[in-house]
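Derivation of every value follows stated rules applied to the coordinates shown; laboratory data play no part. What you see is a predicted model, and the numbers here were worked out from it, not measured in a lab. Quick reminder, even Gly has a Cβ in these numbers, built from the backbone with ideal geometry, and neighbours come from all protein chains shown.
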Amino acid sequence: MIAFLIRGLGVLLFAASFIALVADGIRSLAADAVVLTPLGQTWFQLHPGSLNLLQAVVQRYLHPYIWDPILLTVLLWPTFAVGGGLGILLMVLGRKRRRAQAF
């Protein structure tokens, strides 16, 4: 059951990253240049409060070094790359295990 949920979340994340890739492609064609939307910009457009909360929690309760430079670097990566990579990772982690066949 847990594997099904993890795999389903991975598929949804991968589909969302594909939509982000198509949106970047359309923007690139319109601008006549390559346009890649960073994850931080997408997240801020969708829900700015949660991004600010994440920053406060990481800096206050974990360590400021985790926010800057680690998470800031990830937030500057293209949305489709982060979402696609995480989606594939979740699909692999949630895959059905094959049982070893005895001969």
| remark: Loop-resident trypsin sites (Lys or Arg not before Pro) in the stretch 48-103 with no more than 10 other Cβ atoms inside 10 Å, DSSP not H/G/I/E/B, are LYS96, ARG97, ARG98, ARG99
| note | With no solvent term and unit scatterers on the alpha-carbon positions of the stretch 36-81, Debye gives log₁₀ I(q)/I(0) at q = 0.23 Å⁻¹ of -0.79
| request: Only one of the values (1) 15.2, 42; (2) 18.0, 60; (3) 17.4, 61 was calculated from this structure for Rg and Dmax of the Cα atoms in Å; name its label. | output: (3)
| Percent relative contact order of the chain, based on C-alpha pairs within less than 8 angstrom and at least six residues apart? | 54 percent
| request: Output the DSSP H helices from the chain with an along-axis C-alpha extent of no less than 20 Å and a mean Kyte-Doolittle hydropathy no less than 0.5. | output: 2-31, 79-93
